[in-house]
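Below is one structure, written out as structure tokens; comments come after it.
Here, each number is a calculation from the coordinates, and none is a lab measurement. Fair warning: this is a prediction, and the values are worked out from it, not measured in the lab.
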Amino acid sequence: MFNDIGPMELLTIIVIAVLVFGPDKLPKVIQDVTRTIRKIREFSESAKQDIRSELGPEFKDFDFEDLNPKTLLRKQLGNDELGLQEIRNGFDLKKEMAELTDAVNGRDTGSSSSASSSSSGSAAATPSTGGKIDMTKKPEESEKDDRPPFDFDAT
């Protein structure tokens, strides 16, 4: 419950408790708080047991901690993290960004040949450029009549 509280936070809570309740009432307040926490835990355990008994024998292995999505995914996937570690190890962001900037600037490097060959099958690459994408803006040839059609019913 309090796993993420460090020593400084605990000391701060103790000092504030002493200032608010005073040193003479503090032991009584601590006893009341611990008693309340104990009753809440007992109530939650009895509620869990009632739910398990109502669900029947087919849910005897049901664990309420599985209702937490992270816990459920970890249990179902066997802590593999969806194979993300392999993907992270196989991906070099700096290399990919360098290849991308080289491709945008039109520079041809040995490492970008694999990226350009993989993009040669895309619709944007033309066979005449050898698999490179032409990202320069070219002015479109406009016809003499660029006006939109006039809709007589709209007016």
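A simple rule links phi to the HN-Hα coupling: the Karplus curve 6.51 cos²θ - 1.76 cosθ + 1.60 with θ = phi - 60°, which for the range 63-68 gives 10, 5, 5, 5, 6, 6 Hz, with x for Gly and Pro.
In order along the range 39-49, the Karplus-derived 3J(HN,Hα) couplings, from 6.51 cos²θ - 1.76 cosθ + 1.60 at θ = phi - 60°, round to 5, 5, 5, 4, 5, 5, 5, 5, 5, 4, 5 Hz, and Gly and Pro are given as x.
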